[in-house]
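What follows is a short report on a single structure.
The values are calculated or read from the model by the stated rules, or taken from the named source; none is laboratory data. Owing to the predicted nature of the structure, the values given are computational and were not obtained by experimental measurement. Every residue, glycine among them, receives a Cβ derived from its backbone with ideal geometry; neighbour counts consider all protein chains shown. Only protein heavy atoms, including side chains, enter the accessible area calculation; ligands, DNA and RNA are left aside. Shrake-Rupley method; radii C 1.70, N 1.55, O 1.52, S 1.80 Å.
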Amino acid sequence: MSETADAPANPAVQTIRVERTLVIGLDRPAKRNAINGAVTRGLDEALNLLEDDDGLWCGVLTGGPDVFSAGADLAEGPGEPTERGGIAGIMSRARPKPLIAAVEGYALGGGLELVLCCDLVVASRTASFGFPEVKRGLLPDFGGVFRAPRVLPANVAREMLLTGEPIDAVRAERLGFVNRLVEPGTTLDIALGLAATISGNAPLAVRAALALAHDEINGDETASWAASHAAHERLLASADLVEGVAAFFERREPRWTGR
């Protein structure tokens with residue numbers, strides 16, 4: 001496979017072209033690939049490139065060897081939504097081309113919501129997926145609260161949303177969320193193999209099939225986004241949120257009041 005880097009490079013999101021596939025890599029290892037403004041801009045730029053370049057037929061989204069993404073940056077925030085992609089440059093994006101998640105380590109909160117934006121998931125046996133937001137006084141407001149029940153059994157989705165505890169990749173594969181369960185360190189290669197298989201098919205047929213599948217699975221999310229944003233706004237005004245974030249940074253157990 002031929003590989004070329006796409007410039008200009010965003011230090012928080014790196015892109016490499018591998019034949020007809022664009023590899024999009026989160027690259028904030030010191031912050032566990034947390035989503036801040038730089039990551040949002042980088043993802044938006046990379047996904048715009050994937051959509052607009054006729055020579056690219058598929059994308060792969062990956063993170064680091066130990067963590068895919070720990071979610072939104074609690075200190076900085078995720079930055080402003082973008083015109084084409086919304087939150088994090090991807091969460092409300094209408095994508096015409098397939099995107100595969102290659103997950104090593106953990107994908108938590110907004111990190112899992114990034115995975116939920118993808119069409120296929122390749123995961124290491126050591127990967128895990130979770131929504132820890134309730135442990136901080138929040139909810140998964142990047143679409144996870146309504147997308148997780150579509151791709152996971154309802155009771156499992158509720159378990160993850162209400163307990164804040166993650167599930168491992170072995171269980172996720174058994175439940176049908178993970179397409180390929182692979183050995184650590186091999187997720188990108190396997191994802192690229194899947195991308196090559198997809199790119200060996202007629203691109204217009206692939207995009208038409210993907211669009212129809214998206215319509216069937218997701219439908220019109222307008223009402224779901226509105227309800228999620230309203231619930232998030234209520235939580236932002238709560239004392240529990242202040243306590244949850246303080247407890248996180250002070251590395252202690254939170255003292256909830258339900259207010």
- Item | Lone qualifier among P132, P166 - being in contact (Cβ under 8 Å) with a residue 40 or more places away in the chain and either polar (S, T, N, Q) or open to solvent by 60 Å² or more (accessible area, probe 1.4 Å) (or both) | P166
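Collect the residues in the stretch 11-42 that are without any contact (Cβ under 8 Å) to a residue 40 or more places away in the chain, in a loop (DSSP other than H, G, I, E, B) and surrounded by fewer than 21 Cβ atoms within 10 Å (Cβ to Cβ), keeping them in residue-number order.
Here is the first cut: in the stretch 11-42, the residues without any contact (Cβ under 8 Å) to a residue 40 or more places away in the chain are 11-17, 22, 24-25, 27-30, 32.
Remaining after also requiring in a loop (DSSP other than H, G, I, E, B): 11-12, 27-28, 32.
Matches in the stretch 11-42: P11, D27, R32.
Could you list, in sequence order, the residues of the stretch 44-74 that are aliphatic (A, V, I, L, M), open to solvent by less than 20 Å² (accessible area, probe 1.4 Å) and free of Cβ contacts under 8 Å to residues at least 60 places away in the same chain?
Restricting attention to the stretch 44-74, the residues satisfying the condition of being aliphatic (A, V, I, L, M) are 46-47, 49-50, 56, 60-61, 67, 70, 72, 74.
Now narrow it down to the ones that are open to solvent by less than 20 Å² (accessible area, probe 1.4 Å): 46-47, 50, 56, 60-61, 67.
Within the stretch 44-74, A46, L47, L50, L56, L61, V67 qualify.
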- Task: Give the residue, chosen from L22, L26, L47, L61, that is under 15 Å from the mean Cα position of the chain (by Cα) and more than 24 Å from R125 (Cβ to Cβ).
- Result: L47
- So which of A246, A231, A237 ends up being small (G, A, S), loosely packed, with under 13 Cβ neighbours inside 10 Å and either closer than 30 Å to R20 by Cβ or at pLDDT below 95 (or both)? A237
- Message: Scan the stretch 81-97 and tell me whether some residue there is out of contact with any helix residue (DSSP H, G or I) (no Cβ under 9 Å at 6 or more places or on another chain), open to solvent by less than 30 Å² (accessible area, probe 1.4 Å) and closer than 22 Å to T187 by Cβ.
- Response: no
- Query: Which residues, counting only those in the stretch 122-175, are outside any helix (DSSP H, G or I), touching a Ser or Thr at 6+ places or on another chain (Cβ under 8 Å) and under 26 Å from R234 (Cβ atoms)?
  - Reply: G137, L139, D141, G143, P166
- Over the stretch 206-255, the set of residues part of a loop (DSSP other than H, G, I, E, B) and touching a residue at least 60 places away in the same chain (Cβ under 8 Å) is E221, S238, P254
- Item | Residues of the stretch 176-200 classified as open to solvent by 60 Å² or more (accessible area, probe 1.4 Å) and either hydroxyl-bearing (S, T, Y) or part of a strand (DSSP E or B) (or both), total | 2
- Message: Residues that are among the hydroxyl-bearing types (S, T, Y) and under 21 Å from K135 (Cβ atoms): does the stretch 85-98 have at least one?
- Response: no
